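Okay, structure first, notes after.
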Amino acid sequence: MTRVPLLSDARIVVAEAGEEDLVLRPPSPRESLDDVAQAVRDALQFPLAGEPLEQLATRGGTATIVIEQPSLPIPSVHVGPRHVAIAAVADELERLGVRQTTILVAGGLMRRTTPRDIGTLVPPEFRRRFKGRVIVHDSEAEDLVELGREGNVALRVSRALVETDLVVTVTAAETVLHGGPAALLASSGREQLRAAGALSLLETSASQGWRLAVAIERLLGERVPVTGVSLVLNLPRVAGPFAGYPYDQESIEKMVRSRVRRLFQLAPGRIRQRMLDGLPREQTAAAVYAGTPSVAHTEALLRGTVFKGVELDGPLDAIVIGIPPTTASLPRERPNPVNAAYLGLGLALRLWRNAPPLAHGGTAILVHPFARRFARPTQAPYRALFYDARTAGDIEAMRQAEHAAVADTNAIAEYRAGRACHPLQPFIEWSACDATTHRLGAVLIAGCRDAQSARQLGYVPVHALSAALELARGRGAERIAYLLAPPYFPLVAGST
């Protein structure tokens, strides 16, 4: 019998996997690039599609570098390959004679990056010498420029993408909704962002968000040259008492037996949170591609799926996912129930390719206390999902709650001031969860301490993980898997 440590908020729950159960862990990171900056320069000189940067840049002109908030992967690092790539692109534009460079922080509907946090998106040395502008995108801005339409969706983007001589995206290829042309989508208005869903985060054919992003890229390219850099990031590694987790089985067994784990369990919640937040982290890049954003991003995403993915030889009946004490967006905070559900259902279980990992009617077990806590003021908009007990289970009630949230002028003002996420963000996360749950038989919350919050979201509260596993087996689950995460990684169904 294999002992499996799972994060449940700021605690560690040790499960005992049977002989027939699967333990899913990501492969160890592959070889990394020694010089990311040089790899970026080489990629810009020899792009996969489109012209080299030196032919696109206008001497004496302007350029806009589009970057995203580094919300993925989890956990994040203070300075990583993404930071180095941004500095390398800006330096290359300066070398080519670009007069003014603007960095556009495209955050979609997440909390707008504050002036205090902007410096964390680039290397410290680059921050001190950068002389250009930094603009944080506002999806509620009145001066968004309409590019055209895709179906019944009007495509409006930040003026900084249009009033320039060149647009360069610098992102990491994490999903079809994170990186590449999705950075341009994250520079659009709330209507486009609300329509940008996806059944799978790794397949373009199952993503309305990808289609909208590519449409923005195409229409924007008719006005200004557009190119991009996409990085293939290796999964992050942590040091300290959790070194080797979740890649190495020997390290996992050592952690389970460790006295440090026992002391960690006895520590107060705030101290456990600080210990987890303070763990040293390292992240490297495996490859860099350049070209039109959709082409470079697609190639990088495919390579990343091969490097980081785990292949399944068939669908699972049930899967157990530990939920860490962090949100999937910045700033990193203790998650509320919607955040916790999104990490398991909207992120981990949407990172699939070829076929969903769970069989139709399967069971997802999320290990988390599910306490209704909302960090103020950043998570205040999430309370809208709990005002009415009908909200999660009634489509009309959900629609009414969403319309009321958008009409809340105070909530919009808090978003524009950078104090909270957009009031639509909780509904986007809930829709992402629904993209997974609509084909499941049940979602069990193991270790739940707030049964009402779980039931209100349509889930089944269970006191302990052992009881949740018994419920899953009672529903006919024979093939049960334990997902060792974070970091979350691709699940690739074998050819069927």
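The values are calculated or read from the model by the stated rules, or taken from the named source; none is laboratory data. Bear in mind that the values here come from a model prediction, so they are computed numbers and not experimental data. Methodologically, a virtual Cβ is constructed for each residue, glycine included, from the backbone with ideal geometry; neighbour enumeration extends over all protein chains shown. We work out accessible area using only protein heavy atoms, side chains counted, and drop any ligands, DNA or RNA first. Shrake-Rupley method; radii C 1.70, N 1.55, O 1.52, S 1.80 Å.
The alpha carbon centroids of the range 45-69 and the range 410-432 are separated by 32 Å. Dipole magnitude for the range 73-211: computed about the Cα centre from +1 point charges on Lys and Arg Cβ and -1 point charges on Asp and Glu Cβ, it is near 360 debye. Dipole check for the chain: with +1 at the C-beta of Lys and Arg, -1 at the C-beta of Asp and Glu, and the Cα centre as origin, the magnitude is about 1540 Debye. Which of the chymotrypsin sites (Phe, Trp or Tyr not before Pro) found in the range 302-394 are loop residues per DSSP with 10 or fewer other Cβ atoms within 10 Å of their Cβ? For chymotrypsin sites (Phe, Trp or Tyr not before Pro) across the range 302-394 that sit outside H, G, I, E and B with at most 10 neighbouring Cβ atoms in 10 Å, the list is empty. The chymotrypsin sites (Phe, Trp or Tyr not before Pro) found in the range 395-453 include none that occupy coil by DSSP while having at most 15 further C-beta atoms within 10 Å. In the range 54-146, Cα pairs under 8 Å separated by at least six residues give a relative contact order of 36 percent.
Gln208 to Ile395: extension gain in nm, 0.36 nm per residue of separation minus the Cα-Cα distance?
65.3 nm
Report summary: the helix-based calculation at 222 nm, which adds -39500 (n - 2.57) for every DSSP H run with n ≥ 4 and divides by the residues of the chain, gives -9000 deg cm²/dmol. The gain in end-to-end length when the Asp434 to Arg372 segment is fully stretched comes to 20.4 nm, 0.36 nm per residue minus the alpha carbon separation. Each residue was assigned an accessible area with a 1.4 Å probe, and for Glu51 the value is about 90 Å². Classification of the range 330-404 by its C-alpha gyration tensor yields an oblate form. The axis ratio a/c (a ≥ b ≥ c) is 1.5 or more, and b/c is at least a/b. Taking the alpha-carbon centroid of each part, what is the distance from the range 229-280 to the range 140-166 in angstrom? Centre-to-centre distance over Cα atoms comes out at 43 Å.
Solvent-accessible area per residue in the chain equals 41 Å², computed with a 1.4 angstrom probe and all protein chains kept. Per-residue SASA remark: Glu191, around 90 Å² accessible (1.4 Å probe; ligands, DNA and RNA not included).
Comparing Ala43, Ala411, Thr284 along the charge dipole axis of the chain, the residue lying farthest to the positive side is Ala411, per the Cβ-charge model. Taking the 1.4 Å solvent-accessible surface of the chain as the whole, the part contributed by carbon and sulfur is 49%.
If you take the charge dipole of the chain about its Cα centre, with +1 on Lys and Arg Cβ and -1 on Asp and Glu Cβ, which of Pro52, Thr204, Thr437 is farthest toward its positive end? So the residue furthest toward the plus end is Thr437. Looking at the chain alone, DSSP beta bridges between its own residues are antiparallel in about 35 percent of cases. Packing-based ranking of 265-271, 462-468 yields 462-468, 265-271, ordered from highest to lowest mean Cβ neighbour count within 10 Å. Give the label of the value calculated from the structure for semi-axes √(5λ) of the Cα gyration tensor in Å, choosing from (1) 58, 25, 18; (2) 36, 26, 21; (3) 42, 26, 19. The listed entry that was calculated here is (2).
Out of Ala195, Ala182, Ala215, whose Cα points farthest toward the positive end of the dipole of the range 123-239 (charges: +1 Lys, Arg; -1 Asp, Glu; placed on Cβ)? The residue sitting most towards the positive pole is Ala182.
Taking a point 7 Å out from the Cα of His360 in the direction of its Cβ, none of the residues of the range 182-225 has a backbone N less than 16 Å from it.
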